[in-house]
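The values are calculated or read from the model by the stated rules, or taken from the named source; none is laboratory data. Computed from a predicted structure; not experimentally measured. Backbone-built Cβ (ideal geometry, glycine too); neighbour counts: all protein chains shown. Calculation scope for accessible area: heavy atoms of the full protein, side chains included, ligands and nucleic acids excluded. Shrake-Rupley method; radii C 1.70, N 1.55, O 1.52, S 1.80 Å.
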Amino acid sequence: ADQQYLGLDAKLLRGGAARTLARLSSHPAGHAWIDLRNLGDDFHLDAGASSALLSAMLASGLLYPDGAGRYHPTRQFREYALATVVSPLPRDRAKGLIDRACKLASRVNTEWVHIPFQIDMMAVSGSYMTRRDQLSDLVLSLALHRRPVSRAANAPVPPSKDDASRQIVEALQALSSFIIVRIVADQTKVQRPFSVVF
């Protein structure tokens with residue numbers, strides 16, 4: 001809620017994008033588009049600000065041109081229109097989430113024996129590494145390694161590499177909507193600056 005996106009406050013961007021989608025849905029297919037004038041109307045902007053917003057949306061992949069001075073929304077534009085604007089994450093709560101993520105990582109390594117991976121390293125980066133007290137995200141980077149296997153003849157088939165890593169990522173992201181999880185090959189691939197927490 002306290003961030004700007006494409007030069008607009010989050011709520012203004014979401015509101016304008018929602019108005020644009022509502023307007024487009026009221027027209028028959030083939031007769032619905034975005035142009036500079038109606039973009040300004042939807043976002044309550046003057047001509048100069050509308051032009052700047054149009055340029056930012058094109059550069060960010062929210063709109064694509066049809067070549068006739070008209071534009072169409074992408075899936076990302078629709079996500080902005082439907083997004084929930086939330087208050088930022090307080091640093092104290094982020095620290096608590098990191099503690100919970102570390103406990104989950106420990107459980108993955110010791111109890112999730114059906115998964116062929118263990119978490120070798122977990123690092124935090126992104127807005128957590130700033131001095132701000134209110135954070136926009138909590139970025140966790142994981143380096144995984146293969147779990148030592150001693151397969152019994154009647155043991156179930158372990159999930160594929162993709163399924164196993166997806167299960168780990170989903171479990172961590174389930175802790176909070178602020179958590180963004182990335183799988184990395186090693187520490188050299190982690191967004192800098194970072195701090196290893198597990």
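Annotation: THR110 fulfils all but one of (1) touching a residue at least 40 places away in the same chain (Cβ under 8 Å); (2) surrounded by fewer than 14 Cβ atoms within 10 Å (Cβ to Cβ); the unmet one is (1). Here the condition is being open to solvent by 60 Å² or more (accessible area, probe 1.4 Å), within 30 Å of ASP9 (Cβ to Cβ) and either assigned to a helix (DSSP H, G or I) or acidic (Asp, Glu) (or both); of LYS95, LYS103, it holds for LYS95 alone.
Against the numbered list (1) part of a loop (DSSP other than H, G, I, E, B); (2) under 29 Å from ALA174 (Cβ atoms); (3) open to solvent by less than 30 Å² (accessible area, probe 1.4 Å), ALA81 comes up short only at (1).
Filter region 175-198 down to the residues that are surrounded by 14 or more Cβ atoms within 10 Å (Cβ to Cβ), of a type in the set (A, V, I, L, M) and outside any strand (DSSP E or B) and list them by number. Result: LEU175, VAL190, VAL197.
Checking ALA1, ALA17 one by one, the residue that is in contact with a Pro (Cβ under 9 Å, 6 or more places away or on another chain) and not in a helix (DSSP H, G or I) is ALA1 and no other. The set of residues from region 1-40 being open to solvent by 20 Å² or more (accessible area, probe 1.4 Å) and in contact with an Asp or Glu (Cβ under 6 Å, 6 or more places away or on another chain) comprises just one member, ARG19.
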